[in-house]
Amino acid sequence: DQQVKQNSPSLSVQEGRISILNCDYTNSMFDYFLWYKKYPAEGPTFLISISSIKDKNEDGRFTVFLNKSAKHLSLHIVPSQPGDSAVYFCAASVTSSGSRLTFGEGTQLTVNP
Amino acid sequence: GAVVSQHPSRVICKSGTSVKIECRSLDFQATTMFWYRQFPKQSLMLMATSNEGSKATYEQGVEKDKFLINHASLTLSTLTVTSAHPEDSSFYICSASGTDTDTQYFGPGTRLTVL
């Protein structure tokens, strides 16, 4: 049972444009969501998170939007840069469960110069 | 801040041997550490959760006698793959979270190859 799904395995955008990565979840108990960036043969790097009491969180070029009624979140990167090329994972947790994360399958983002 | 290290970064071993992987939180106290494995082109799969000073909680399907986890201090957790077999070859990643955050910070991972 895949509780967190990233339906797009890959995304390609032009440098300077916006990248939008999407994530859907099924478990209504999830109340904390995170995005991680991962390069090959490295561990994931934390990017940004959002609590279910918010619908938007912004940090520099990265903005995460949460639509609880649709059980959907998205990560916007603007402007996109070639260095942003990586695999992006969304993850969700139920904070009362002790930070146990459930990851999506990941989306490979390629930003073309 | 929030740096997590893993050692070794890469290990090759013969079938039947045991391999120990260390995970350290360098600049914060990790009350909880997590161990994941990732197969090529797949997501990170949680293997177990460990809290300092207590036994690890293993996910369904993960053999606790094969994957021994020790979390003896607030900065160190170890994963020992016992009697390793080629199917144990994978990328093992640890993460840690502290007392004041639910965010997990990940180590760089360990590539295990069992011949």
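Would you work out the charge dipole size for the protein assembly as shown about its Cα centre, treating the Cβ of every Lys and Arg as +1 and the Cβ of every Asp and Glu as -1, and quote it to the nearest 20 debye? Spell out each step's value before the answer.
Working: 20 positive and 20 negative charges, 63 e Å.
Result for the protein assembly as shown is approximately 300 debye, rounded to the nearest 20.
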Tensor-based shape of the protein assembly as shown (alpha-carbon gyration tensor, a/c under 1.5 rounded, otherwise prolate or oblate): prolate
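In debye, nearest 20: dipole of region B:26-115 around its Cα centre with unit charges on the Cβ of K, R (+) and D, E (-)?
Numbers: 6 positive and 9 negative charges, 50 e Å.
Value, rounded to 20: 240 debye.
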Distance violations [Cα-Cα > 30 Å] among A:Lys37/A:Lys68; A:Lys38/B:Lys20; A:Lys71/B:Lys66; A:Lys56/B:Lys64; B:Lys20/B:Lys41; B:Lys14/B:Lys64: A:Lys71/B:Lys66; A:Lys56/B:Lys64
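For region B:24-91, which trypsin sites (Lys or Arg not before Pro) are in a loop by DSSP, counting at most 16 other Cβ atoms within 10 Å?
On the way: sites: B:Arg24, B:Arg37, B:Lys41, B:Lys55, B:Lys64, B:Lys66; in loops: B:Lys41, B:Lys55, B:Lys64, B:Lys66.
Answer in residue order: B:Lys41, B:Lys55, B:Lys64, B:Lys66.
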Chain lengthening between B:Leu76 and B:Leu115 when straightened (0.36 nm per residue, less Cα-Cα): 11.2 nm
In sequence order, calculated HN-Hα J values of region A:43-54 (Karplus, 6.51, -1.76, 1.60; Hz; x Gly/Pro): x, x, 10, 5, 10, 7, 9, 8, 8, 5, 7, 10
Burial ordering of A:Ser69, B:Ser89, A:Ser28, A:Ser80, fewest other beta-carbon atoms within 10 Å first: A:Ser69, A:Ser28, B:Ser89, A:Ser80
Cα centroid of region A:50-112 to Cα centroid of region B:1-64, whole Å: 23
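Specify whether the C-alpha gyration tensor of chain A places it in the rounded, prolate or oblate class, a ≥ b ≥ c being the square roots of the eigenvalues: rounded for a/c under 1.5, otherwise prolate if a/b is larger than b/c and oblate if not. Don't skip to the end; give the middle numbers.
Details: a/c = 1.86, a/b = 1.57, b/c = 1.18.
Since a/c reaches 1.5 and a/b is larger than b/c, the shape of chain A is classed as prolate.
Values in this text are rule-based calculations from the coordinates and carry no lab data. Small disclaimer: the values here were computed from a predicted structure and weren't measured. Neighbour counts are summed over all protein chains in view; Cβ atoms, including those assigned to glycine, are modelled from backbone coordinates with ideal geometry.
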